[in-house]
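Peer 1: I have a structure I would like to understand better, so I am pasting it below and will then ask my questions one at a time.
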Amino acid sequence: MPLVADRCICLRKIEFSETSQILTLFARQGGVVRVIAKGAHRTTKVGASKFGGGIDLLDVAEAVFSHAPHRELPPLTEWRLTEGHRELRRNLRAIYLGTYAAELVTTLVHEHDPHVELFDRLEQSLREVATARREQAFLAFTLDLLRETGLMPELNACINCGQPMSRVARAAFAIDRGGVACGDCAPNFSRRVGIDPRLLRVVQTILTLPRLAGQPQRLPGLTRNQTDPLNRLLAEHIRFSSARELRLARYILAPSA
Ligand SMILES: [Zn+2]
């Protein structure tokens, strides 16, 4: 089996037996891959395990693993940690947003499907959720993920009459139609959540901002009063489009009033 070296972010881990871990990794060149880290928790006589005592969620590393798309769980052979996210791990909200971003990637990105730009966006966004820019950085990442996977909902104009959201006073998101409806058309759609049209304009603003590789985007500052309704809408959309539950969504959304 040929070995490949790739920069990876750990998206998901399952402790497997006393010493091993099954990992879902986002590899920069190779896309989402699942590997087994045998002996991750076993320490040698000199006191160090091959993988530094175990791999954590969101860890970024230069990794080496067998390239075997048809094999169930190829082994991870090297893991040289480059970013352990010490800042991020000091803030509970940052941990939730970071791990939820990882869950969204495993939910929407198919295995062995390369997404180099999205990898770079995730790596950048994980640095930003450790800062005061975390709310806008997380929202911008979710929008980029939806765009990259072809699942961006219609948030610009009413899916029924075409009226732009910039001109309506009330709006709702029709979950099973993947788009917004104006206040007049909303009653036609039974599975819907109300949304303030001003927040939809915030989304349009974010979508038109330039992205420069390796640099934080100049995003508008957002509070949770603004991001919670949008994150809730996007979580409903992702659940419906993927037909999968999002385990971490409830940790990042405030309980509804
Ligand atoms: Zn309408």
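Peer 1: Accessible surface of LYS38 in the full protein assembly, 1.4 angstrom probe, to the nearest 10 Å²?
Peer 2: 110 Å²
Peer 1: Using 7 Å Cα-to-Cβ label points, what is the ARG80/ARG247 separation (nm, one decimal)?
Peer 2: For ARG80 paired with ARG247, the spin-label model returns 3.2 nm.
Peer 1: What's the ranking of 223-236, 194-207 by average number of surrounding C-beta atoms within 10 Å, highest first?
Peer 2: By packing density, highest mean first, the sequence is 223-236, 194-207.
Peer 1: Given N residues in the chain, what is its alpha carbon radius of gyration divided by 2.2 N^0.38 Å?
Peer 2: 1.10
Peer 1: Of all alpha-carbon pairs in region 3-84, indicate the percentage at a distance above 23 angstrom.
Peer 2: Counting pairs separated by more than 23 Å, the tail of P(r) holds 12 percent.
Peer 1: Right, here's the next one. Of the residues ALA213, ALA94, ALA102, which exhibits the maximal mean-square fluctuation in a Gaussian network model of the chain defined by a 10 Å Cα contact cut-off?
Peer 2: ALA213
Peer 1: Please arrange TYR251, TYR100 by accessible surface area, largest first, computed with a 1.4 Å probe and ligands excluded.
Peer 2: Final ranking, largest accessible area leading: TYR251, TYR100.
Peer 1: Show the residues, 5+ positions off or on another chain, whose built amide H is closer than 5 Å to the amide H of LEU76.
Peer 2: Distant-sequence amide H within range of LEU76: ILE36, ALA37, LYS38.
Peer 1: May I ask you to compute the full-extension gain from GLN215 to ARG167, defined as 0.36 nm times their residue separation minus their alpha-carbon distance, rounded to one decimal in nm?
Peer 2: Here the answer is 13.9 nm.
Peer 1: Work out how much length HIS112 to ASP196 would gain on full extension: take 0.36 nm times their residue separation and subtract the Cα-Cα distance, in nm to one decimal.
Peer 2: Between HIS112 and ASP196, full extension yields an extra 26.4 nm.
Peer 1: Over the chain, what is the relative contact order in whole percent, taking alpha-carbon pairs under 8 Å and six or more residues apart?
Peer 2: 15 percent
Peer 1: Still on this model: Counting only Cα, what are the radius of gyration and maximum Cα-Cα distance Dmax of region 116-252, in Å?
Peer 2: 14.9, 44
Peer 1: Further question: Once fully extended, how much extra length lies between GLU62 and PHE16, figured as 0.36 nm per residue of separation less the alpha-carbon to alpha-carbon distance?
Peer 2: Computed gain between GLU62 and PHE16 is 14.3 nm.
The values are calculated or read from the model by the stated rules, or taken from the named source; none is laboratory data. This one's a predicted model, so the numbers in the text were calculated from it and none came from an experiment. Don't worry about glycine lacking a Cβ; one is built from the backbone with ideal geometry, like all the others, and counts go over all protein chains shown. SASA here: full protein model, heavy atoms, side chains in, ligands and nucleic acids out. Shrake-Rupley method; radii C 1.70, N 1.55, O 1.52, S 1.80 Å.
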